[in-house]
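Just so it is clear, none of the values below were taken in a lab; they were calculated from the coordinates. Treat the numbers as computed from the prediction; the structure is a model and nothing was measured. Cβ atoms come from the backbone with ideal geometry, glycine included; neighbour counts cover every protein chain shown.
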Amino acid sequence: MDLTNYKYEPPSIENLREKGLEIVEPQKENEPPPPSDLTETKKSEGDDLLNKILNYSKQVEALSETDVKITSLIKLNEQTILYKNMITAVCGSYGSHKSRFVETIMAHCLNTENNFIEIEINEPLQFLYIDTERDKRTLAVVQKKFNSYITNEQRKDVLISSFLPINRNQRFNALKKLIDFRLRNNSKHLVAVIDISTDLIKSFNNIDEVMDLFDYCGSLRNEFDVSFIFIIHLNPSPSGANTKSRGHLGSELSNKCAVELVIRKDVKTQLITLKFQKNSFDVETELTFEYCEGLLKGISKDDVFSQQEQKETELKIKLANFITNKRIIQKDVISFLRAESLGRNEAVNFLHKNIDCNLTNDKILKAEQGKNNSKIYFIEFFTD
């Protein structure tokens, strides 16, 4: 066979198909690849997300055409401490009466005949109180005292429970179950109280766990009649002046809450101060309370000033009796005042302020220079 002038002609696609061969045609330049099952799945997921966003936008637009507004759920002394479907953070150091404050709020919301504080609610409420720290005996004592402030009928609107018997890994799921249970069995607006919130998840510094928690709370608040009060410890501080809550959870809680309250207890006066560190829709203010029969009782600024004046008068009488008919060096006088719960600087300032002043009607505090730049204190009797 003469192949000198032979030219190879490749078979056409049609010829190959006639012979029963399956042919995949080459992709043309700049032509997108044919859709695969995976591409279709991703497209479907994207459509679902888009539809969800657009539907939500329509809901927002429809609400904007109504008489929609931010609603105050609970007011304390005419100041909102909890907005409807929002979060309030109650922050404080150990022993500052954070829990007692919230228990006082609950008792007055359920039973308006209580008069320790001035409370105003916008609608009937139910409470879910989840404790994570106190053992069952301590919690039983708290509940017994709390129950004395509400009626038997009102007890159905509050559930005080504990997550102590629940493994920390399961507490988030337990919260979901408990909230679902309350919503199914009581139609009133639910206020869920978490005490202490950092014990609700495995690690309060784990960003994923923290965001899952607040995403869940956000979804609930958006779709159901639910609001939250998160009780949380402040970071330890030698001066006691810290206002930062513990961990990443504390940081995110500060961002997510509409109201952030900081509670402090004065170890000398035993008075409890409540400061509005954040109030997204109202003015920030400061309130004062005293511990009274298991709850907190609000007191006015005039009462606070009156109590301070009374304590100072009592201290003057004690100091006058201590010094009368004696000459006492400054070191010993300061030791006496410190035993009366004054700090060293407070004791020095108290003495300085009262030199040549009446400690009582007939006793004047006097001082003269002693050895080594130390003063000597004595009493001079006043006569007309």
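Data table
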quantity: In nm, spacing of pseudo-spin labels at Lys69 and Asp266 (7 Å Cα→C-beta vector); calculated: 3.7
quantity: Contour excess over end-to-end distance, with Cα ends at Thr112 and Asn147 and 0.36 nm allotted per residue; calculated: 11.2 nm
quantity: Met86, Met106, Met211 arranged by Cβ crowding within 10 Å, fewest neighbours leading; calculated: Met211, Met86, Met106
quantity: The chain: angle of helix 98-110 to the longest principal axis, Cα-based, in degrees nearest 10; calculated: 80
quantity: Dipole moment magnitude, nearest 20 debye, the chain about Cα centre, only Lys, Arg, Asp, Glu C-beta charged; calculated: 2440
quantity: Cα shape, the stretch 305-381, gyration tensor, a/c 1.5 rule; calculated: oblate
quantity: Top of Pro124, Pro165, Pro236 by mean-square fluctuation, Gaussian network on the chain, Cα under 10 Å; calculated: Pro165
quantity: Length-normalised contact order for the chain - Cα pairs under 8 Å, 6+ apart - percent; calculated: 15
quantity: Max mean-square fluctuation residue, GNM over the chain, Cα-Cα springs under 10 Å, options Ile119, Ile364, Ile81; calculated: Ile364
quantity: Neighbour-count order for Phe172, Phe181, fewest beta carbons within 10 angstrom listed first; calculated: Phe181, Phe172
quantity: DSSP beta bridge pairing in the stretch 72-299, given as percent antiparallel to the nearest 5; calculated: 45
quantity: Separation between Cα centres of the stretch 63-121 and the stretch 252-269, rounded to whole Å; calculated: 14
quantity: Structure-derived Cα Rg over 2.2 N^0.38 Å - corresponding label in (1) 0.96; (2) 1.66; (3) 1.43; calculated: (2)
quantity: Anisotropy class of the stretch 204-269 from Cα gyration tensor, a/c 1.5 cut; calculated: oblate
quantity: On Cα atoms only, tilt of 37-64 relative to the major axis of the chain in degrees; calculated: 50
quantity: Approximate spin-label separation Asn235-Asn372, in nm, with each point projected 7 Å along Cα-to-Cβ; calculated: 4.2
quantity: Cα gyration tensor shape for the stretch 310-353, rounded if a/c is under 1.5, else prolate or oblate; calculated: oblate
quantity: Theoretical gain in end-to-end length, Glu45 to Thr243 [0.36 nm per residue, Cα-Cα removed]; calculated: 66.9 nm
quantity: Residue-span extension gain [Ile328 to Asp215] - 0.36 nm each, minus C-alpha spacing; calculated: 34.1 nm
quantity: Top of Gln154, Gln270, Gln330 by mean-square fluctuation, Gaussian network on the chain, Cα under 10 Å; calculated: Gln330
quantity: Gln277-Gln308 pseudo-label distance in nm [points 7 Å out on the Cα-to-Cβ vector]; calculated: 2.3
quantity: Residue exposure sequence - Glu209, Glu312 - by fewest surrounding Cβ within 10 Å; calculated: Glu312, Glu209
quantity: Pairs beyond 20 Å (Cα-Cα), from Lys244/Lys278; Lys75/Lys176; Lys84/Lys145; Lys268/Lys318; Lys316/Lys353; Lys98/Lys202; calculated: Lys75/Lys176; Lys84/Lys145; Lys98/Lys202
quantity: For Glu252, net neighbour charge (Lys/Arg +1, Asp/Glu -1) across residues whose Cβ lies under 14 Å away; calculated: -1
quantity: Acute angle (nearest 10 degrees) that the helix 247-256 long axis makes with the longest principal axis of the chain, alpha-carbon atoms; calculated: 80
quantity: Length-normalised contact order of the stretch 157-290 in % [C-alpha pairs under 8 Å, at least 6 apart]; calculated: 17
quantity: Computed FRET value (nearest 0.05) for Asn55 with Arg137, which takes r as the C-beta separation and R₀ as 56 Å; calculated: 0.65
quantity: Estimated FRET transfer efficiency (Arg155, Asn349; beta-carbon r; R0 45 Å; 0.05); calculated: 0.30
